[in-house]
Amino acid sequence: MCSLPVPREPLRRVAVTGGTHGNEMSGVYLAQHWLQAPAELQRLSFSAVPVLANPAATAACRRYVDHDLNRAFTSSFLNSRPTPDDPYEVTRARELNQLLGPKASGRAFDFVLDLHNTTANMGTCLIAKSSHEVFAMHLCRHLQLRYPELSCQVFLYQRSGEESYNLDSVAKNGLALELGPQPQGVLRADIFSRMRTLVATVLDFIELFNQGTAFPAFEMEAYRPVGVVDFPRTDAGNLAGTVHPQLQDRDFQPLQPGAPIFQMFSGEDLLYDGESTVYPVFINEAAYYEKGIAFVQTEKFTFTVPAMPVLNPVPSPAF
Amino acid sequence: MTSCHIAEEPIKKVAIFGGTHGNELTGVFLVKHWLENGAEIQRTGLEVKPFIANPRAVKKCARYIDCDLNRIFDLENLGEQNIRFLHNKKDVFDFFQTSLAPLPCYIYLIEHPSLKYATTRSIAKYPVGIEVGPQPQGVLRADILDQMRKMIKHALDFIHHFNEGKEFPPCAIEVYKIIEKVDYPRDENGEIAAVIHPNLQDQDWKPLHPGDPMFLTLDGKTMSLGGDCTVYPVFVNEAAYYEKKEAFAKTTKLTLNAKSIRCSVH
């Protein structure tokens, strides 16, 4: 699947999606609010469209009904022939692909921002596909500089040879905001307010770009996945222990070989037996127990992001 | 339970329920562990049995399947005959005593004519619930597991000491008694229109004075506590209570006096 190059025209078609997981409440409540009152999503050169991505899961306050929606955007799901037995989320993914995509086509939306919460202590995490997504990298940098107190960390999810499966991959450019820790089904004022402010700044950035602001090259540090570690389990597949107190809540901090990672119910510690330092994220995320993930191992790396093209300012108003 | 009295008999049988709510993982995994290896919950002269109260909800990692198990142990649901049967059959409780525990423990009293609810544990002679948080539903934290485990150890030690004839002198304990449940402000469609205010979030058990912020609307307005009484909020922003229309419970702090107790067998 090709990754479209850095934009050379203003971004006009922008969407903000909440409730991709129906129990991640910041995005749910923001999307529902904007569907009634979209004014704060408007800018001079574009208006972002709010979307409640998974209405059935939102109504039930669950992550999903049949299948994780944020894993349903592969060409296999999107392009196979619909049948009456299709899981709810596969049908919904196809609808969203029609609305915001089609994925990898010239007709896809210019930008999709997808809103998520995690039970892990990941603070403010910006999730993009790869270091080659120039627009998304400049956007992340802009957020980091604008809010230094948030220590925004950048997580780049693409693993070589693997197709993207998440909602924001249907657009030409995409970013997910992952804010935590917040329990599923709970709406915290501090996290809600931070999410709202970040969305506003993302839209401000797009407006700045559309208006011809220059964004020069820079060096960026980010984290990319190198593996996952499951919980220790019994022969029957049940948990035999849980995340060690010394690892709990330490997302993005270095984990050295020999450090404790799990505490067994019977009392002993299990130690990390990898060969190099990794940076765990999504430590003890509720939704990942069923996926067999206690934490995701990442490596930290630095790369150069080239300058973005400078556009001719858009005459306003443009909508 | 407002005062203690000399028990007529030692406590013979204790049940520990985990997984009354299937997504509250601490109890689930402690009980599962003890079902494999129950050594740490055994005490001489006492039969202690762990139970998974709601196995189907545990399997699904949901609070409940059809309705909340911890609200239906009343006459209407159980039938009078069944209640009498259970009371005669066994003493079921999980009990703890503040002075033995090194961790700060708060006592929440749900005795109230209309707000009390029919818990699973209420089938026992001496029912006590242990609530440890914060922990997200569906997550098992080692620190919370450790706290729960210590509470249970102290509870069982207390029962054992009681059975062995130790006298527990009169004591005064501070409790928080429920007065009222407060819902979220809602719009005309019944949707939540305000969030627990950042000043109240995570401040369970701390005094909330008239004029203090309670809610923050989506438009940024603060809604404050009215009236003229200081209250002590608990269960502030509990995930499971959104559907029960409870943003927090107001409690009042009281001191209860307990008479001394001693097992009558010694």
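Give me the pairs: first residue in region A:186-213 and closer than 20 Å to residue A:310 by Cβ, second residue surrounded by fewer than 16 Cβ atoms within 10 Å (Cβ to Cβ), beta-carbon distance under 7 Å, and six or more apart or on different chains, which are they?
Correct list of pairs: A:207/A:44; A:211/A:313; A:212/A:310; A:212/A:312; A:212/A:313.
Of the residues in region A:182-194, how many are crowded, with 23+ Cβ neighbours inside 10 Å and within 18 Å of residue A:147 (Cα to Cα)?
1
Can you confirm whether region B:150-168 contains a residue that is surrounded by fewer than 18 Cβ atoms within 10 Å (Cβ to Cβ), polar (S, T, N, Q) and modelled with pLDDT under 95?
no
All but one of (1) surrounded by 13 or more Cβ atoms within 10 Å (Cβ to Cβ); (2) within 14 Å of chain A (Cβ to nearest Cβ) hold for residue B:187, so report the exception by its number.
Among (1) surrounded by 13 or more Cβ atoms within 10 Å (Cβ to Cβ); (2) within 14 Å of chain A (Cβ to nearest Cβ), residue B:187 violates only (1).
In the list A:69, A:44, A:30, A:52, which residue meets the criterion of being surrounded by fewer than 21 Cβ atoms within 10 Å (Cβ to Cβ), touching a helix residue (DSSP H, G or I) at 6+ places or on another chain (Cβ under 7 Å) and in contact (Cβ under 8 Å) with a residue 40 or more places away in the chain?
Answer to the check: A:44.
So, residue A:57, is that one in contact with a Gly (Cβ under 6 Å, 6 or more places away or on another chain) and over 30 Å from residue B:238 (Cα atoms) or not?
Here the answer is no, as residue A:57 does not meet what is asked.
Yes/no matrix, rows are residues, columns are (1) crowded, with 16+ Cβ neighbours inside 10 Å; (2) among the hydrophobic types (A, V, I, L, M, F, W, C); (3) modelled with pLDDT of 85 or more; (4) part of a helix (DSSP H, G or I):
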site: B:35; (1), (2), (3), (4): no, yes, yes, yes
site: B:50; (1), (2), (3), (4): yes, no, yes, no
site: B:58; (1), (2), (3), (4): yes, yes, yes, yes
site: B:84; (1), (2), (3), (4): no, no, no, yes
site: B:113; (1), (2), (3), (4): no, no, no, no
site: B:140; (1), (2), (3), (4): yes, yes, yes, no
site: B:145; (1), (2), (3), (4): yes, yes, yes, yes
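Out of A:279, A:289, A:272, A:223, I need the residue that is within 14 Å of chain B (Cβ to nearest Cβ), aromatic (Phe, Trp, Tyr) and either touching a helix residue (DSSP H, G or I) at 6+ places or on another chain (Cβ under 7 Å) or buried (at least 17 other Cβ atoms within 10 Å of the Cβ) (or both). Which one?
Testing whether each residue is within 14 Å of chain B (Cβ to nearest Cβ), aromatic (Phe, Trp, Tyr) and either touching a helix residue (DSSP H, G or I) at 6+ places or on another chain (Cβ under 7 Å) or buried (at least 17 other Cβ atoms within 10 Å of the Cβ) (or both) leaves just A:289.
Filter region A:247-287 down to residues that are more than 26 Å from the chain's Cα centre (by Cα) and under 21 Å from residue A:180 (Cβ atoms), then give me how many there are.
Selection size over region A:247-287: 1.
For region B:214-239, what are the residues that are over 19 Å from residue A:189 (Cβ atoms) and of a type in the set (Gly, Ala, Ser)? Show your work before the answer.
Keep residues of region B:214-239 that are over 19 Å from residue A:189 (Cβ atoms), which gives B:226-232.
Scanning region B:214-239 gives B:226, B:227.
Just the residues that are within 13 Å of another protein chain (Cβ to nearest Cβ) and of a type in the set (Gly, Ala, Ser), please, taken from region B:133-178.
Of everything in region B:133-178, those that are within 13 Å of another protein chain (Cβ to nearest Cβ) and of a type in the set (Gly, Ala, Ser) turn out to be B:133, B:138, B:142.
Is there a residue being surrounded by 22 or more Cβ atoms within 10 Å (Cβ to Cβ) and more than 18 Å from the chain's Cα centre (by Cα) anywhere in region A:232-242?
Here is the first cut: in region A:232-242, the residues surrounded by 22 or more Cβ atoms within 10 Å (Cβ to Cβ) are A:241-242.
Next cut, more than 18 Å from the chain's Cα centre (by Cα) only: A:241-242.
Yes, region A:232-242 contains at least one residue that is surrounded by 22 or more Cβ atoms within 10 Å (Cβ to Cβ) and more than 18 Å from the chain's Cα centre (by Cα).
Pull out all pairs, ordered by first then second residue, where Cβ-Cβ is under 7 Å, the residues are six or more apart or on different chains, the first lies in region B:105-129 and is over 17 Å from residue B:151 (Cα atoms), and the second is part of a loop (DSSP other than H, G, I, E, B) and among the basic types (Lys, Arg).
B:110/B:116
For region A:146-184, name all the residues that are polar (S, T, N, Q) and either more than 14 Å from chain B (Cβ to nearest Cβ) or within 17 Å of residue A:54 (Cα to Cα) (or both).
Scanning region A:146-184 gives A:151, A:153, A:158, A:160, A:164, A:166, A:169, A:173, A:184.
Return yes or no: is residue A:109 touching a Phe, Trp or Tyr at 6+ places or on another chain (Cβ under 8 Å) and either under 25 Å from residue A:254 (Cα atoms) or surrounded by 19 or more Cβ atoms within 10 Å (Cβ to Cβ) (or both)?
no
The values are calculated or read from the model by the stated rules, or taken from the named source; none is laboratory data. Keep in mind that this is a model prediction, so the values were computed, not measured. Note that each Cβ is placed from the backbone with ideal geometry, even for glycine, and that neighbours are counted across all protein chains shown.
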